[in-house]
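Single-structure report; data block below.
The values are calculated or read from the model by the stated rules, or taken from the named source; none is laboratory data. Because the structure is predicted, anything quoted here is derived from the model rather than measured. Backbone-built Cβ (ideal geometry, glycine too); neighbour counts: all protein chains shown. Remember, those area values only see protein heavy atoms, side chains included, never the ligands or the DNA or RNA. Shrake-Rupley method; radii C 1.70, N 1.55, O 1.52, S 1.80 Å.
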Amino acid sequence: MFEFSSIEQYHSQLQEGRCTCLQVVEHYLQKIKENAHLNAFIKVYADEAREKASLLDKQRDSNIKTGKLAGVIISIKDVIAYKDHPLTSSSKILEGFESLYSATAVDRLLAEDAILIGSTNCDEFGMGSANEHSVYGPVKNYLDITRTPGGSSGGSAVSVQAGLSMVSLGSDTGGSVRQPADHCGIIGLKPGYGRISRYGLIAYASSFDQIGIFSKTIKDAALILEIIAGPDDYDSTVSTQQVPAYTNELNRTSNEKYKIAYLPQALDHPSLDIEIGNSIKDLLLHLEKDNHQVKAVNFDLLDFAVPTYYVLTTAEASSNLSRYDGIKYGISNHENVELTDFYKSNRSAGFGSEVKRRIMLGTFVLSTGYYDAYFTKAQQIRNLFRDQLNLVFNDFDFIIIPTVPKTASLSGNSNLDPISVYLADIYTVIANLTGIPAISLPLFTHTNTLPFGVQIMANRLNELPLLRFSNQLLIKYNADF
Amino acid sequence: MEVTEELINKLANLSRLKFTPEEKIDIKKDLEKMIHFIEKLNELDTTGVKPLLHMSDEVNVFRDDIVKKYISTEEGLKNAPHHNDQYFLVPKMIRQNK
């Protein structure tokens with residue numbers, strides 16, 4: 001019986017002949033089958049995975065050098081393109097679509113001999129936080145199937161949580177990797193804007209979107225990041241700064257003392273579960289005792305984060321999603337109607353209710369008479385967020401903040417009141433508004449038995465210190481809570 | 001702000017969406033809530049603040065324009081719901097006056 005703990009350990013098991021890639025693939029395919037009721041996967045690439053595993057086993061037997069991710073079982077969210085494989089954003093409008101090319105991130109995983117085991121369920125176009133807005137139906141939380149896994153990358157989170165893949169790629173526009181990681185008790189990393197190419201990632205809000213990583217260890221997240229990050233001819237917004245050797249550098253300093261900021265407005269926010277707030281305050285006390293500098297920083301913009309986020313992302317979405325016209329791809333009835341009605345009928349049949357809501361709001365904030373009052377205003381406030389965070393990072397290495405105000409909610413509440421659902425994004429959208437890296441670490445268990453995380457944010461391009469500090473935190477404080 | 005049926009119709013048209021009368025009741029209610037919610041932004045004085053337009057620090061990333069890979073006509077048409085061997089097919093746009 002195969003038991004996964006880390007990529008490094010898996011590779012030594014392979015080297016020592018204690019397992020083969022093919023056995024491990026069969027193990028994961030079996031687990032995926034047993035857990036089909038979680039609805040985490042949309043498509044499973046069983047035969048291809050077996051083929052690749054057999055090839056890797058042969059190469060290892062013949063001492064042919066294989067890649068850094070040889071035999072590593074990875075799932076990818078259904079918004080990331082994989083050539084000749086289905087890609088639908090969990091939307092009816094992309095029913096039957098097969099990608100003509102692979103995302104840069106996918107190409108880089110494959111080049112290191114990773115095995116892509118399947119595509120995972122998500123909220124339609126990444127719009128949602130409970131994985132309940134999917135044409136394939138909701139995803140269930142492995143720890144408690146009456147609860148949601150969070151979203152929008154719910155299927156990816158559950159695939160790692162339930163041991164259906166070793167790591168998974170998701171996407172994070174306002175918390176869609178960190179929030180489900182929090183709810184599922186695993187690690188969720190959103191790198192800074194421009195760290196990973198967005199080529200082949202279906203666009204929701206292009207100035208917010210980033211591919212993110214779900215894993216069980218920091219070292220695994222570091223390895224995946226190292227492989228998929230860096231400049232790309234097909235995405236000119238990617239940073240040209242050199243990508244550090246995250247895995248090698250990870251443990252170079254294990255006892256470094258950091259300057260840590262926390263935001264009282266965040267920890268005393270009325271929406272925050274008291275127990276979550278107290279656990280994080282406890283963690284801050286521990287850190288202080290261990291000689292890190294811990295200080296409160298005033299952050300009075302906090303309550304503007306969510307409305308600013310929704311103005312800008314719905315505006316970008318209304319523009320990005322205009323490409324779904326039912327002509328070049330997608331669904332269409334091809335009735336004999338006027339062209340405008342043809343578009344309307346295709347789009348109305350293809351998009352779900354949450355996507356339509358956001359397109360309508362986005363169209364509103366961009367329309368004549370409202371553009372300056374909402375869209376330009378939100379861009380100005382986005383600048384204020386960036387300025388304020390720059391000031392914080394002048395003096396501090398990290399900001400510690402909750403990931404989500406509450407633990408995983410019961411299924412079936414996503415459509416009740418959109419605003420109350422949106423407000424739960426309060427802690428995660430800050431990193432996307434400002435383009436900084438952030439991570440959710442599974443440090444805590446609530447008395448209601450559900451896991452929750454703590455979020456660490458770092459300055460732009462500071463993924464390495466973020467990963468180092470995260471590693472330190474998980475090793476040192478995991479047992480304490 | 002009050003969301004009128006006229007505004008819903010205008011936004012739906014710009015969005016190339018259509019709503020049934022029942023759906024209109026829901027979208028009107030939701031939009032009212034959402035617009036009320038984003039009106040929060042007015043509480044902040046942003047006089048003189050420049051809008052943030054670009055998230056990337058990179059400027060003018062140049063590369064030579066070389067054809068590296070391309071999609072064949074066949075591939076390009078592969079996902080289209082209606083096509084022949086060369087073109088996407090759409091409803092007739094130019095009609096004769098009757």
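Looking only at region A:11-20, decide whether some residue is of a type in the set (Lys, Arg) and crowded, with 17+ Cβ neighbours inside 10 Å. I'd like the intermediate steps shown before the answer.
Quick first cut of region A:11-20, residues of a type in the set (Lys, Arg) only: A:18.
Those left that are additionally crowded, with 17+ Cβ neighbours inside 10 Å: none.
The answer is no, given that none of the residues of region A:11-20 is of a type in the set (Lys, Arg) and crowded, with 17+ Cβ neighbours inside 10 Å.
Got at least one residue in region A:123-131 being of a type in the set (S, T, N, Q) and open to solvent by less than 10 Å² (accessible area, probe 1.4 Å)? Working first, answer last.
So in region A:123-131, the residues of a type in the set (S, T, N, Q) come out as A:129, A:131.
Imposing the further condition that a residue be open to solvent by less than 10 Å² (accessible area, probe 1.4 Å) reduces the set to A:131.
Within region A:123-131, one or more residues are of a type in the set (S, T, N, Q) and open to solvent by less than 10 Å² (accessible area, probe 1.4 Å).
With the requirement that a residue be assigned to a helix (DSSP H, G or I) and either hydrophobic (A, V, I, L, M, F, W, C) or free of Cβ contacts under 8 Å to residues at least 12 places away in the same chain (or both), what does region A:1-14 give you?
Pass one, region A:1-14, residues assigned to a helix (DSSP H, G or I): A:7-14.
Listed by number, the residues that qualify are A:Ile7, A:Gln9, A:Ser12, A:Gln13, A:Leu14.
Taking the options B:Pro81, B:Pro51, name whichever one is touching a Gly at 6+ places or on another chain (Cβ under 7 Å), modelled with pLDDT of 90 or more and in a loop (DSSP other than H, G, I, E, B). Write out each step before concluding.
On the way: B:Pro51 fails: touching a Gly at 6+ places or on another chain (Cβ under 7 Å).
The conditions single out B:Pro81.
Anything in region A:417-433 that is among the hydrophobic types (A, V, I, L, M, F, W, C), in contact with a Lys or Arg (Cβ under 9 Å, 6 or more places away or on another chain) and crowded, with 24+ Cβ neighbours inside 10 Å? List them, or say none. Give the steps one after another, and end with the answer.
Residues of region A:417-433 that are among the hydrophobic types (A, V, I, L, M, F, W, C), as a first pass: A:419, A:421, A:423-424, A:426, A:429-431, A:433.
Checking the rest, the ones that are also in contact with a Lys or Arg (Cβ under 9 Å, 6 or more places away or on another chain) come to A:419, A:424, A:431, A:433.
Of everything in region A:417-433, those that are among the hydrophobic types (A, V, I, L, M, F, W, C), in contact with a Lys or Arg (Cβ under 9 Å, 6 or more places away or on another chain) and crowded, with 24+ Cβ neighbours inside 10 Å turn out to be A:Ala431, A:Leu433.
Can you confirm whether region B:2-23 contains a residue that is exposed (fewer than 13 other Cβ atoms within 10 Å of the Cβ), facing chain A (nearest Cβ under 9 Å) and modelled with pLDDT under 95?
no
Among the candidates A:Leu302, A:Leu285, A:Leu321, single out the residue that is of a type in the set (A, V, I, L, M, F, W, C), open to solvent by 70 Å² or more (accessible area, probe 1.4 Å), at negative phi and modelled with pLDDT of 95 or more.
Just one listed residue meets the conditions, A:Leu285.
Is at least one residue of region A:470-479 aliphatic (A, V, I, L, M), within 14 Å of chain B (Cβ to nearest Cβ), in a helix (DSSP H, G or I) and touching a residue at least 12 places away in the same chain (Cβ under 8 Å)? Working first, answer last.
Going through region A:470-479, the residues aliphatic (A, V, I, L, M) turn out to be A:473-475, A:479.
Imposing the further condition that a residue be within 14 Å of chain B (Cβ to nearest Cβ) reduces the set to none.
No; the residues of region A:470-479 include none that is aliphatic (A, V, I, L, M), within 14 Å of chain B (Cβ to nearest Cβ), in a helix (DSSP H, G or I) and touching a residue at least 12 places away in the same chain (Cβ under 8 Å).
Out of the residues in region B:32-66 that are facing chain A (nearest Cβ under 9 Å) and within 30 Å of A:Asp341 (Cβ to Cβ), which is most open to solvent (accessible area, probe 1.4 Å)?
The selected residue is B:Lys33.
Scan region A:363-375 and tell me whether some residue there is surrounded by 20 or more Cβ atoms within 10 Å (Cβ to Cβ) and of a type in the set (Ser, Thr, Tyr).
yes
I'd like the residue in region A:417-441 that is farther than 19 Å from A:Leu474 by Cβ and part of a loop (DSSP other than H, G, I, E, B) and, out of all such residues, is nearest to the other protein chains (Cβ to nearest Cβ).
Going through region A:417-441, the residues farther than 19 Å from A:Leu474 by Cβ turn out to be A:417-436.
Then drop every residue that is not part of a loop (DSSP other than H, G, I, E, B), which leaves A:417, A:424-428, A:435-436.
Working: A:Asp417: 7, A:Ala424: 13, A:Asp425: 12, A:Ile426: 12, A:Tyr427: 17, A:Thr428: 16, A:Gly435: 5, A:Ile436: 10 Å.
Among them, the one singled out is A:Gly435.
Exactly one condition in (1) without any contact (Cβ under 8 Å) to a residue 12 or more places away in the chain; (2) facing chain A (nearest Cβ under 7 Å); (3) not in a loop (DSSP other than H, G, I, E, B) is false for B:Lys29; which is it?
(2) is the only condition that B:Lys29 fails.
Go through region A:177-194 and give me each residue that's within 23 Å of A:Tyr45 (Cβ to Cβ) and either assigned to a loop (DSSP other than H, G, I, E, B) or of a type in the set (D, E, K, R) (or both).
To start, the set of residues in region A:177-194 that are within 23 Å of A:Tyr45 (Cβ to Cβ) comprises A:177, A:180, A:184, A:186.
Passing the criteria: A:Val177, A:Ile186.
Being under 16 Å from A:Ala105 (Cα atoms), open to solvent by 20 Å² or more (accessible area, probe 1.4 Å), in contact (Cβ under 8 Å) with a residue 24 or more places away in the chain and of a type in the set (Phe, Trp, Tyr) narrows it down to one residue among A:Tyr234, A:Tyr262; which is it? Let's see the steps before the verdict.
Details: A:Tyr262 fails: under 16 Å from A:Ala105 (Cα atoms).
On inspection, the qualifying residue turns out to be A:Tyr234.
Just give me the residues in region A:348-403 being within 9 Å of another protein chain (Cβ to nearest Cβ), under 23 Å from the mean Cα position of the chain (by Cα) and not in a helix (DSSP H, G or I), in sequence order.
Result: A:Phe351, single match.
Considering only residues of region A:288-299 that are open to solvent by less than 60 Å² (accessible area, probe 1.4 Å) and closer than 19 Å to A:Arg386 by Cα, which is farthest from the other protein chains (Cβ to nearest Cβ)?
Applying the first criterion (open to solvent by less than 60 Å² (accessible area, probe 1.4 Å)) to region A:288-299 yields A:290, A:292, A:294, A:296-297, A:299.
Applying the additional criterion that residues be closer than 19 Å to A:Arg386 by Cα yields A:296-297, A:299.
On the way: A:Ala296: 22, A:Val297: 19, A:Phe299: 14 Å.
By that ranking, first place goes to A:Ala296.
Would you check which residues across region A:338-347 are assigned to a helix (DSSP H, G or I) and open to solvent by 20 Å² or more (accessible area, probe 1.4 Å) and list them? Write out each step before concluding.
Quick first cut of region A:338-347, residues assigned to a helix (DSSP H, G or I) only: A:339-347.
Of everything in region A:338-347, those that are assigned to a helix (DSSP H, G or I) and open to solvent by 20 Å² or more (accessible area, probe 1.4 Å) turn out to be A:Leu339, A:Thr340, A:Asp341, A:Tyr343, A:Lys344.
Counting only residues that are open to solvent by 30 Å² or more (accessible area, probe 1.4 Å) and either without any contact (Cβ under 8 Å) to a residue 24 or more places away in the chain or under 22 Å from A:Gly126 (Cα atoms) (or both), how many does region A:42-81 have? Spell out how you get there, then give the answer.
The first filter runs over region A:42-81 and keeps only residues open to solvent by 30 Å² or more (accessible area, probe 1.4 Å), leaving A:42-44, A:47-48, A:50-52, A:54-55, A:58-66, A:68.
So of that shortlist, the ones also either without any contact (Cβ under 8 Å) to a residue 24 or more places away in the chain or under 22 Å from A:Gly126 (Cα atoms) (or both) come out as A:42-44, A:47, A:51, A:55, A:58-59, A:61-65.
Summing the residues that are open to solvent by 30 Å² or more (accessible area, probe 1.4 Å) and either without any contact (Cβ under 8 Å) to a residue 24 or more places away in the chain or under 22 Å from A:Gly126 (Cα atoms) (or both) in region A:42-81 gives 13.
So is A:Ser414 part of a loop (DSSP other than H, G, I, E, B), of a type in the set (S, T, N, Q) and surrounded by 19 or more Cβ atoms within 10 Å (Cβ to Cβ) or not? If you could, list the steps in order and put the result at the bottom.
Working: part of a loop (DSSP other than H, G, I, E, B): yes; of a type in the set (S, T, N, Q): yes; surrounded by 19 or more Cβ atoms within 10 Å (Cβ to Cβ): yes.
Here the answer is yes, as A:Ser414 does meet what is asked.
Consider A:Ile475 carefully, then state whether it is open to solvent by 10 Å² or more (accessible area, probe 1.4 Å), closer than 30 Å to A:Asn383 by Cβ and modelled with pLDDT under 95.
Working: open to solvent by 10 Å² or more (accessible area, probe 1.4 Å): yes; closer than 30 Å to A:Asn383 by Cβ: no; modelled with pLDDT under 95: yes.
So A:Ile475 does not fit the description; no.
Restrict the check to region A:68-78 and report whether at least one residue is among the hydroxyl-bearing types (Ser, Thr, Tyr), outside any loop (DSSP other than H, G, I, E, B) and touching a Gly at 6+ places or on another chain (Cβ under 9 Å). Give the derivation first.
We begin by selecting, within region A:68-78, every residue among the hydroxyl-bearing types (Ser, Thr, Tyr); these are A:75.
Filter once more, keeping what is outside any loop (DSSP other than H, G, I, E, B): A:75.
From what's left, touching a Gly at 6+ places or on another chain (Cβ under 9 Å): A:75.
Within region A:68-78 (the criterion being among the hydroxyl-bearing types (Ser, Thr, Tyr), outside any loop (DSSP other than H, G, I, E, B) and touching a Gly at 6+ places or on another chain (Cβ under 9 Å)), the answer is yes, since at least one residue qualifies.
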